[in-house]
Amino acid sequence: MGCLGRCWDKCKWPLACFTALAAVIIIVVMVAAYSFAIQPSITVEDASLARFALATTPTTSLGYNLSLRLVVRNRNWATTMKNTEPLEAAYKFDGQQFDRVQVADKGDKNGPRKTRVYRLVTGQESGYVALGNAGVAAYKEQNKTGEFELEVAVTGEVRYTLQLKKNKLAGTCKLKLKLDSPATASVVFERVKCKLEKEKKDNE
């Protein structure tokens, strides 16, 4: 017992210091995890364009059928991401919006390191679109090849666990889609990583 007691006397203080240091490190890591949030990643995993028809008389109108699979991943390992505003996607051609859809409701949550998959199938027979002469010319040029350059603008607002601050979310997904046909049936869609805008600081 005497030998064990002497060994314990020699080891207990280093052990206590190590335990205290480990506790401090854990606290610092947890505070950092809940204080600083990493922006989510947004990708388009699949998309297809069944119809994209422009009419210029009597007014400029667009008929389309678009389906896509939008994936939002919360990259934070400790904090849940909650929508404080609805998550929306605006569809654009040549910089002009021709439709807008709601992706997720206000209040929807995405847990730490979790992924939400949204399947969007939208279309319209004929909807007004303000393309202008340049936009009409761009449509005619792309219509020759049957491949259209579209843009999906994702917007929303989120809040992370234990944070009071609301974070604006704005991302742009640039797509190049060929009209569906037997010739394009075997073409594999390449995933598109959406570019997110950097969040502005309060003093900017």
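Can you pull out the residues in the range 164-174 that are among the hydrophobic types (A, V, I, L, M, F, W, C) and either crowded, with 18+ Cβ neighbours inside 10 Å or in a loop (DSSP other than H, G, I, E, B) (or both)?
164, 169, 173
Condition check ((1) in contact with a strand residue (DSSP E or B) (Cβ under 6 Å, 6 or more places away or on another chain); (2) exposed (fewer than 14 other Cβ atoms within 10 Å of the Cβ); (3) assigned to a strand (DSSP E or B)) across all residues:
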| site | (1), (2), (3) |
| --- | --- |
| 117 | yes, yes, yes |
| 121 | yes, yes, yes |
| 141 | no, yes, no |
| 152 | yes, no, yes |
| 158 | yes, no, yes |
| 162 | no, yes, no |
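Are any residues in the range 91-119 touching a Ser or Thr at 6+ places or on another chain (Cβ under 7 Å) and either of a type in the set (A, V, I, L, M, F, W, C) or outside the structural domain of residue 165 (by TED's automatic domain parsing) (or both), and if so, which ones?
101
Hey, can you tell me all the residues within the range 89-115 that are basic (Lys, Arg) and assigned to a strand (DSSP E or B)?
Correct list: 92, 100, 109.
Name, by its number, the condition in (1) modelled with pLDDT under 95; (2) more than 23 Å from residue 191 (Cβ to Cβ); (3) within 26 Å of the chain's Cα centre (by Cα) that does not hold for residue 38.
Evaluating residue 38 over (1) modelled with pLDDT under 95; (2) more than 23 Å from residue 191 (Cβ to Cβ); (3) within 26 Å of the chain's Cα centre (by Cα) leaves (2) as the failure.
The values are calculated or read from the model by the stated rules, or taken from the named source; none is laboratory data. All of these numbers come straight from a predicted model, not from anything done at the bench. In this analysis, Cβ positions are derived from the backbone assuming ideal geometry, glycine residues included, and neighbour counts consider all displayed protein chains.
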